[in-house]
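Everything below concerns the one structure shown next.
The values are calculated or read from the model by the stated rules, or taken from the named source; none is laboratory data. For clarity, every value in this text was computed on a predicted model and none was experimentally measured. Here the Cβ is made from the backbone with ideal geometry for all residues, glycine too, and neighbour counts use every protein chain on show. Only protein heavy atoms, including side chains, enter the accessible area calculation; ligands, DNA and RNA are left aside. Shrake-Rupley method; radii C 1.70, N 1.55, O 1.52, S 1.80 Å.
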2 protein chains.
Amino acid sequence: MPDTSLETLIEALRKLPGVGAKSAQRMAFHLLQHDRPGALQLSRALDTAVTSVRHCARCNTFTEEPICGICLDPARDAHQLCVVETPADQATLERTGSYRGLYYVLMGRMSPLDGIGAREVGASNLLDRALDGVVSEVILATSFTAEGEATSHVLSEALKLRGIRVTRLARGVPAGSELEYVDLSTIAHALVDRR
Amino acid sequence: MPDTSLETLIEALRKLPGVGAKSAQRMAFHLLQHDRPGALQLSRALDTAVTSVRHCARCNTFTEEPICGICLDPARDAHQLCVVETPADQATLERTGSYRGLYYVLMGRMSPLDGIGAREVGASNLLDRALDGVVSEVILATSFTAEGEATSHVLSEALKLRGIRVTRLARGVPAGSELEYVDLSTIAHALVDRR
Ligand SMILES: [Zn+2]
Ligand SMILES: [Zn+2]
């Protein structure tokens, strides 16, 4: 029978996204029966990440420094600012090798039905960033889902009002798909065809 | 872009059973962006569980004491010993409210193709336990899968050789199901095991 610290572990694992009661039980069993070193590694990795991972003051992505490596890279084109939803989307774009500008990472997307609006995705920080006097084009690379499109629309209106040129990844990206799961050449084409 | 402690966290999450690269990334993002208290809770739960969860000296299940609560319960029938694969299976049997004997928890099942044999599931400990002079019947409640059946077969032979009465959970039609929708081998087994 499970006792208290085992049940506490199962409950903590259940809070991970996509993990139900059965998976949490299976994970706890696996760690305690077959991989106690892995359990301790995970424990330390969680502690370290919570302590040291913060947000880049310029692009908002995860970093351990005040400003991330891409933002500090003098070889990047500071005239272009590409807006993505997550660090995973940013990493995907980087892997295409087709983009040499800078980024702004929303860390989410608007979802009015869930009460996640412009404020929650930090739209005003993005506007400040885009109005630095150097950025001449903002490329909106949010997902081509209903929420990603809504986010793109709202940001586009706000940026245009302030006189900034706004483009959107071309519709080479299949509608309804999340950027993270799209193959790299499709994304590369969409970058070139941006409008 | 992910930096070191974020990547370390993603790698540690990937070692959980059923978690691939994308899920690990999504979990790390969720914890760092939306649930840092949950990340610290999980870290502490892992530490505590690894430190305090051990195996019951009598039934081999997870416990924080030398001997678990069920094994210490004087109201349980010490003549019956039910063999299950995991603490989760044991918990399922307990929830039926139909069993008042004791347990032996294998913490796995034999899988000869993976090199998991009688030794790896602690068969000799089970034999010692079953030969305490009090146990008069061993009920094999391993899964009705190929591996669970193989485990049951090997344990059954070893126990019978030592003069212990061995029974197996009945195979049969699940309660509440219509015969039309039950697979044929289940019905065939239910016919053989009819009572
Ligand atoms: Zn940055
Ligand atoms: Zn016990």
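As a size descriptor, the averaged projected area of the C-alpha convex hull of the range A:31-181 was calculated at 11.3 nm².
For chain A, the relative contact order works out to 15 percent when only alpha carbon pairs closer than 8 Å and six or more residues apart are counted. Name the residue from B:His55, B:Leu40, B:Ala78 whose Cα lies farthest towards the positive end of the charge dipole of chain B, charges +1 on Cβ of Lys and Arg and -1 on Cβ of Asp and Glu. Sorting the options by dipole projection puts first B:Ala78. Using every pair of distinct Cα positions in the range A:1-68, the Kirkwood expression returns a hydrodynamic radius of 13.8 angstrom.
Across the identical copies, the 7 Å label point of B:Lys22, projected outward along Cα→Cβ, sits 2.1 nm from its counterparts, in ascending order.
With contacts taken as Cα pairs under 8 Å and at least 6 residues apart, the range A:22-107 reaches a relative contact order of 24 percent.
Once both labels are positioned 7 Å from their Cα atoms along Cα-to-Cβ, the gap between B:Glu65 and A:Ala75 label points is 6.4 nm. Modelled spin labels at B:Ser98 and A:Arg36, positioned 7 Å past Cα toward Cβ, are 3.6 nm from each other.
The mean accessible area for residues of the range A:18-139, using a 1.4 Å probe and ignoring ligands and nucleic acids, is 44 Å² per residue. If both residues of a DSSP beta bridge must be in chain B, then about 20% of such bridges are antiparallel. Taking amide hydrogens as placed 1.01 Å from N in the peptide plane, the amide H of A:Met107 sits under 5 Å from those of A:Thr86, each at least 5 positions away in sequence or on another chain. Membrane-span-like helices in chain A, defined here as complete DSSP H runs extending at least 20 Å along the helix axis by their C-alpha atoms with mean Kyte-Doolittle hydropathy no lower than -0.5, are A:36-52, A:146-161; this is a sequence and geometry rule, not a statement about a membrane. For the range A:1-100, a simple Cβ point-charge model (Lys and Arg +1, Asp and Glu -1, everything else neutral) yields a dipole of about 140 debye relative to the Cα centre. With a Förster radius of 45 Å applied to the C-beta separation of B:Arg165 and A:Glu7, the computed FRET efficiency comes to 0.85. Within the accessible surface of chain A, defined with a 1.4 Å probe on protein heavy atoms only, the carbon and sulfur portion equals 53 percent. The lysine pair count for the protein assembly as shown, using Cα distances under 26 Å and pairs eight or more places apart or on different chains, is 4. Charge dipole of the range A:79-195 (Cα centre as origin; +1 on each Lys and Arg Cβ, -1 on each Asp and Glu Cβ, all else neutral): 460 debye, rounded to the nearest 20.
Computed about the Cα centre, the dipole magnitude for chain B is approximately 240 debye when only Lys and Arg (+1) and Asp and Glu (-1) carry charge, each at its Cβ. Once C-alpha pairs closer than 8 Å and six or more residues apart are averaged by separation and normalised to the residue number of the range A:144-188, the relative contact order reads 48 percent. Ascending distances from the A:Arg76 label point to its copies in the other chains, with the point 7 Å along the Cα-to-beta-carbon line: 5.9 nm.
In the protein assembly as shown, the DSSP-assigned H stretches of four residues or longer account for a calculated mean residue ellipticity at 222 nm of -14000 deg cm²/dmol, using -39500 (n - 2.57) per stretch and the full residue count as denominator. Label-to-label distances for B:Ile187 across copies, nearest first, come out at 5.2 nm, using points 7 Å from Cα in the beta-carbon direction.
Per the accessible-area calculation with a 1.4 Å probe, the total area buried between chain A and chain B rounds to 4900 Å².
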